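Step one of this worksheet: look at the structure below.
The values are calculated or read from the model by the stated rules, or taken from the named source; none is laboratory data. Computed from a prediction, not measured in an experiment: that's the story for all the values here. Counting neighbours? That spans all protein chains shown, and the Cβs are built from the backbone with ideal geometry, glycine included. With ligands, DNA and RNA removed, areas are computed over all heavy atoms of the protein, side chains included. Shrake-Rupley method; radii C 1.70, N 1.55, O 1.52, S 1.80 Å.
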Protein chains: 6
Amino acid sequence: MRQDGRSNSQLRAVKITRNYIKHAEGSVLIEVGDTKVICTASVEERVPPFKKDSGEGWVTAEYSMLPRATGVRNSRDISKLRLNGRSQEIQRLIGRSLRTVIDLKLLGERTITVDCDVIQADGGTRTASITGSYVALLDACRKLKDDGLISRMPVIGFVAATSVGIVKGEEMLDLCYAEDSNAGVDMNVVMSDNGEFIEIQATGEKTCFGRKQLDSLLSLAQSGIEELIRVQKEALNN
Amino acid sequence: MRQDGRSNSQLRAVKITRNYIKHAEGSVLIEVGDTKVICTASVEERVPPFKKDSGEGWVTAEYSMLPRATGVRNSRDISKLRLNGRSQEIQRLIGRSLRTVIDLKLLGERTITVDCDVIQADGGTRTASITGSYVALLDACRKLKDDGLISRMPVIGFVAATSVGIVKGEEMLDLCYAEDSNAGVDMNVVMSDNGEFIEIQATGEKTCFGRKQLDSLLSLAQSGIEELIRVQKEALNN
Amino acid sequence: MRQDGRSNSQLRAVKITRNYIKHAEGSVLIEVGDTKVICTASVEERVPPFKKDSGEGWVTAEYSMLPRATGVRNSRDISKLRLNGRSQEIQRLIGRSLRTVIDLKLLGERTITVDCDVIQADGGTRTASITGSYVALLDACRKLKDDGLISRMPVIGFVAATSVGIVKGEEMLDLCYAEDSNAGVDMNVVMSDNGEFIEIQATGEKTCFGRKQLDSLLSLAQSGIEELIRVQKEALNN
Amino acid sequence: MRQDGRSNSQLRAVKITRNYIKHAEGSVLIEVGDTKVICTASVEERVPPFKKDSGEGWVTAEYSMLPRATGVRNSRDISKLRLNGRSQEIQRLIGRSLRTVIDLKLLGERTITVDCDVIQADGGTRTASITGSYVALLDACRKLKDDGLISRMPVIGFVAATSVGIVKGEEMLDLCYAEDSNAGVDMNVVMSDNGEFIEIQATGEKTCFGRKQLDSLLSLAQSGIEELIRVQKEALNN
Amino acid sequence: MRQDGRSNSQLRAVKITRNYIKHAEGSVLIEVGDTKVICTASVEERVPPFKKDSGEGWVTAEYSMLPRATGVRNSRDISKLRLNGRSQEIQRLIGRSLRTVIDLKLLGERTITVDCDVIQADGGTRTASITGSYVALLDACRKLKDDGLISRMPVIGFVAATSVGIVKGEEMLDLCYAEDSNAGVDMNVVMSDNGEFIEIQATGEKTCFGRKQLDSLLSLAQSGIEELIRVQKEALNN
Amino acid sequence: MRQDGRSNSQLRAVKITRNYIKHAEGSVLIEVGDTKVICTASVEERVPPFKKDSGEGWVTAEYSMLPRATGVRNSRDISKLRLNGRSQEIQRLIGRSLRTVIDLKLLGERTITVDCDVIQADGGTRTASITGSYVALLDACRKLKDDGLISRMPVIGFVAATSVGIVKGEEMLDLCYAEDSNAGVDMNVVMSDNGEFIEIQATGEKTCFGRKQLDSLLSLAQSGIEELIRVQKEALNN
């Protein structure tokens, strides 16, 4: 049994609260165990230069942690005048993941910026950000449709993500921070609701890993993501 | 009657939730109407250079808004590589206000950094930040005392703040964003529980103001702050 | 008697030298005791984005100190890659103060940037900057009118500023640096020539203050500012 | 047949020139087809703060492209005052990959910084950087041993990397730029000489991918990396 | 005759006012025609890392222009987050020039930072900065000696500088801005009082130049610099 | 005899390899002894603001060193967030030098950016950059002409550069790093093929210098540059 009483193949409690920030076109608070992320989707009627006059829109993401989202206070990016390398990597991942389920033509020449701000971190912040921001993004698109700005929903599938890893020889789903710190192999998996992969980032932090371990971890991730997509659907139906 | 049904001398609903972020030594979510700020107080066992070997500690503050805390998305400071001028001004005010009620000698050579992150803005974010961060600061000091790191509480009074202003000729307490935008005179008042002023920032945004108007506004502020200190005390007793 | 022989209600010697920098549309050297600030007003035929096509102009200010304007050398902002927080706060105050006496419609779609560069500091640099830059601004407007670019003067009143404070129990006008460092209460007051307030920034640096102290300090400030406006008028008549 | 005449499972010509920069402790020019990267390994007798007094050393990497390494000139990071997000991501990957084959205890309290500067880019710059910098790192370690600074080699295995992808339905090894731009699925694989994975980054750029495709791509990558390790060994024996 | 009535071999009026800024160890206002520069020399009891424990001190310079020192307002370096390239080049030249006449051993382990702030520019600001800052530097050294911090003056010669150029075929000394803008060849010359060169920067802005022209320009510069050193000596004797 | 066996008036071996980077319109690797610089010339169909609608083009340069081009690793500009002062100075020199031999009207409204990236440094990197980038620039112009974008070559002469100096009393041509570090007088000379000077930068690093030394050094430089122009011509004929 794991430190919080879960079995190895069990997700932490997941809760998605929609319309969390009144100003945003879409917004959720996603809680995965003690990890809490505010995801807002903001629509702007302009596109970056490389999409100008393309008839297509753009979806991009920014990720950040509040200074005291973690056990030790981190100084803000602005006080160091540089964007944290880890944040940069994560926000590129979130943007790529969301764009795979958006038809940019149907979106039209506008930009949706998804902001993922971690207010409390306990492992799995990047995957929680993806899972939560998908719902915020969908709500923003619904609003565009309700407002008559687009005629068809540009969202063409579901996307959710989780982490898996090998901790002291055990394959585990949805690592909390303490588990993640001890993981020999650590993997973030992003999947669509068609059961296929959008992104796999597998890292042998302490040890290498073979094809067999990769396979079991992917199966574990898949079962978790199916569950997460059920939670997304439920949230969207309320 | 005001747009949200309040009388001119009425505060918005105020709610202070303590222990909001599990990692921080002190933390609250303060809600003043639709304005919501997460305030964390982080203790670090070091002081800035100008306090080295002084036997005294330091209290400082940082203030920021999530990009979509407002009606229109604001780009992050880091994407412009400069700290917003308004944020800079506000965090200096918060720090000064909190330091007036802290005995830095009793705190000892350590720093408490208060982070005020506005997750939803509807006017009065700076005064809500002061009112909320006082509670977070006090909780952090209590923890220091409980942990045996200090022997006496370094907090020597209460501090709370509110805004007042003249909107279309009416003197009003605790302006929401719509009122604030139309205010001819705008004033932020910080007071101690001894009924005296810690800071007054009065600005004639559209019109000048005389001694008489100043006087009524200060009275209005005083009544509001007395109420806010009652809310702080209540929160701290739970 | 104060350290420089003044009475508590006496300003330091004030001298305003117009046309100090030959290139600027308006420029003065203002000396208030040993505090010396060069204020230039530069006209540019363009407006910031938020004033585009509004028919209105803009007035903004920048404030800085030469590295050795002070007792100890300060490194330049550029060497730290960040604008000093205090400078930021001050330049926002100068800009707000000047805008209250300018009719932006009469100015037309152009920007006047006022630069206040402190070459020697001895307390009261922000209030000297306001008092001096008003004269530079007025000269720049006169030049616009003389050049036929505007038909009516957009300046609709006078603005000047001074500091007051409580030093070792004594209420004093126009604090020099040594007095300011020992002030328990410190206040910057900006007034118009109609005898009303434009901005009040009152800070209990070491002690709180009550309504009564506030009142006497404001009276002291008012008498000083009346005198400063006389000096401005005299300078403008030469 | 591919545009450059290769079969789908064929690497481009790989050439590793050791001792390319006379000043560096280790340095190579690695050429993979038209992709050319200078990798230098620099030894410094100090460690980052988090390794201080740990008895362990550190290996880190920096990655950059010359402005005209690509078809269109890219402005330098310094002219935008921010490190390119893609570079940041890549240099984190290079550093992680190299650290998996270094015993930091045997290295002792010193830092090896690997600089990968792409002088000509034609796809696969990050994997070429890993493959090349491994050789530079090993040469730097040999020099440490030859100079008597360490007694045992801290390098505990080989590491090399390549890319694989699905281009117009074909699974291909070692994509050049034109292929990479058209890839539906794109994967960077880092492996050790024990036949296990160090890192897998698989991205469905245009389409999702299933377990079966993942498996064939990993096999393709594995065969390529085995070949690359042979090239490394040969280079190191000259 | 030149536009300001001078002959080709005549300097503009030069005036050096010592003790211009009360806080600095040495300070002058140097006026060369309409070019006005404040030069301060600040002593700090520490040295840069590369001089630590060397027994030697350091002399360095910073150069900047007030935004409206010129005909058109220049935005401040901090608003562009980068030090102006021309300023950088000039301050390196000033520092090098001053160091040639300072015995760093006699100075002892302390730093003198010379700040040259141009308050009004009309050509020749870099050479006026060198000529003026020499006097400020000497005054700072005298103060060190008077205060008993050093036993012997570390200044081992005089240094002054001027510009020469070829304007519409005429060789001219000490170019004002209008002449400088039209110069085909432009030269800044720094000399010691021993009649030798410290630095020559000759640029064919519009045309190349031969050995003969170089020779006459150097003679012209030499006569000007001899005059400038007389002015320095006179200022130092008052 | 010098440490590498050369006579005092002898250049190091010079090698210019054209078409070194396949993407650039013009590119060379220039090797002067152990100094190696990649020079690329990139054509862009736009001009900086100050050339807009002027009918003229622009030529500009950027200069940088790879971190380990030198004996000790230098951190990258981006990690310090500021462009190295020496690089700034050098790239301004390269740009000025190249512009003297380009007819900007014949170039038309386009920009050629020359990037000089030093991959290995052993003294004389700035003069090697000028000599090499001239060839890259010329190749880029030839390409413009071949592509029919311009009708006449805008290059109106040759430009090359070398360093000379006085090392332990000996006048020497083309200093390597070890010689440069010991030079009392150090001079960079840029000349045209008409035997005239474009730029002279002479610095008395350790000692002043007189007219006679200047003259001999200039003769030495001239003979070296004539040789360098022969090498350029030969390279361009292959």
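Here are a few things to note about the model shown:
- Within segment D:49-74, considering residues that are of a type in the set (Ser, Thr, Tyr) and at the interface with chain F (Cβ under 9 Å from one of its Cβ atoms), the one farthest from residue B:79 (Cα to Cα): D:70
Yes or no, residue by residue, for (1) more than 12 Å from every other protein chain (Cβ to nearest Cβ); (2) without any contact (Cβ under 8 Å) to a residue 24 or more places away in the chain; (3) more than 23 Å from residue C:80 (Cβ to Cβ); (4) of a type in the set (Val, Ile, Thr):
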site: E:23; (1), (2), (3), (4): no, yes, no, no
site: E:32; (1), (2), (3), (4): yes, no, yes, yes
site: E:36; (1), (2), (3), (4): no, no, yes, no
site: E:47; (1), (2), (3), (4): yes, no, no, yes
site: E:113; (1), (2), (3), (4): no, no, no, yes
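- Selection status of residue B:98, aliphatic (A, V, I, L, M), more than 14 Å from chain A (Cβ to nearest Cβ) and in contact with a Ser or Thr (Cβ under 7 Å, 6 or more places away or on another chain): yes
- From E:98, E:81, E:93, residue being without any contact (Cβ under 8 Å) to a residue 24 or more places away in the chain and hydrophobic (A, V, I, L, M, F, W, C): E:81
- Of all the criteria given as (1) more than 20 Å from residue F:126 (Cα to Cα); (2) away from every other protein chain (no Cβ under 11 Å), the one not satisfied by residue F:78 is (2).
- Filtering segment C:143-157 to residues that are open to solvent by 20 Å² or more (accessible area, probe 1.4 Å), closer than 23 Å to residue E:68 by Cβ and either of a type outside the set (Lys, Arg) or in contact (Cβ under 8 Å) with a residue 24 or more places away in the chain (or both) leaves C:143, C:146, C:147, C:148, C:149, C:153, C:155.
- Some residue of segment A:128-151 being touching an Asp or Glu at 6+ places or on another chain (Cβ under 8 Å), more than 14 Å from chain B (Cβ to nearest Cβ) and not in a helix (DSSP H, G or I): no
- Segment A:185-203 residues that are facing another protein chain (nearest Cβ under 7 Å), paired with ones that are among the aromatic types (Phe, Trp, Tyr) (beta carbon under 8 Å, 6 or more apart): A:192/A:158; A:196/D:209; A:197/D:209; A:202/A:209; A:202/D:197
- Residue match in segment C:31-43 (condition: under 13 Å from the mean Cα position of the chain (by Cα), modelled with pLDDT of 95 or more, of a type in the set (Ser, Thr, Tyr) and not in a helix (DSSP H, G or I)): yes
- Residue satisfying condition, being without any contact (Cβ under 8 Å) to a residue 40 or more places away in the chain and of a type in the set (S, T, N, Q), within set E:19, E:74: E:74
- Residues (under 24 Å from residue B:78 (Cβ atoms) and of a type outside the set (S, T, N, Q)) located in segment A:97-109: A:98, A:99
- Residue match in segment B:58-68 (condition: open to solvent by 10 Å² or more (accessible area, probe 1.4 Å), of a type in the set (Asp, Glu), more than 30 Å from residue A:91 (Cβ to Cβ) and not in a helix (DSSP H, G or I)): no
- Every condition in (1) surrounded by 24 or more Cβ atoms within 10 Å (Cβ to Cβ); (2) assigned to a strand (DSSP E or B); (3) within 11 Å of another protein chain (Cβ to nearest Cβ) holds for residue E:16 except the one numbered (3).
- Of everything listed in (1) closer than 23 Å to residue D:213 by Cβ; (2) under 16 Å from the mean Cα position of the chain (by Cα); (3) not hydrophobic (A, V, I, L, M, F, W, C), the single unmet condition for residue A:194 is (2).
- Answer residue from segment C:101-114, given it is of a type in the set (A, V, I, L, M, F, W, C) and closer than 13 Å to residue C:140 by Cα and is surrounded by the most Cβ atoms within 10 Å (Cβ to Cβ) among those: C:114
- The residues of segment C:82-94 that are open to solvent by less than 30 Å² (accessible area, probe 1.4 Å) and within 7 Å of another protein chain (Cβ to nearest Cβ), listed by number, are C:85, C:88, C:89.
- Residue ID - farthest from residue B:75 (Cα to Cα), chosen from residues in segment A:115-126 that are within 11 Å of chain B (Cβ to nearest Cβ) and open to solvent by 10 Å² or more (accessible area, probe 1.4 Å): A:122
- Some residue of segment D:163-178 being assigned to a loop (DSSP other than H, G, I, E, B), free of Cβ contacts under 8 Å to residues at least 60 places away in the same chain, over 18 Å from residue D:9 (Cβ atoms) and more than 10 Å from chain A (Cβ to nearest Cβ): no
- You will find that of C:225, C:229, the residue that is crowded, with 22+ Cβ neighbours inside 10 Å, touching a residue at least 24 places away in the same chain (Cβ under 8 Å), within 27 Å of residue C:142 (Cα to Cα) and out of contact with any Pro (no Cβ under 7 Å at 6 or more places or on another chain) is C:225 and no other.
- Of the residues making up segment E:44-54, those that are surrounded by fewer than 19 Cβ atoms within 10 Å (Cβ to Cβ) and in a loop (DSSP other than H, G, I, E, B) are E:45, E:46, E:48, E:52, E:53, E:54.
- Matching residues, segment C:204-238, being more than 14 Å from every other protein chain (Cβ to nearest Cβ) and of a type in the set (Ser, Thr, Tyr): none
- Residue D:112 vs. criteria farther than 30 Å from residue F:24 by Cβ and touching a helix residue (DSSP H, G or I) at 6+ places or on another chain (Cβ under 7 Å): yes
- Of E:129, E:133, E:97, E:79, all but one fail to be among the small types (Gly, Ala, Ser) and open to solvent by 10 Å² or more (accessible area, probe 1.4 Å); the exception is E:79.
- Verdict on residue B:176 being touching a Pro at 6+ places or on another chain (Cβ under 7 Å) and buried (at least 20 other Cβ atoms within 10 Å of the Cβ): no
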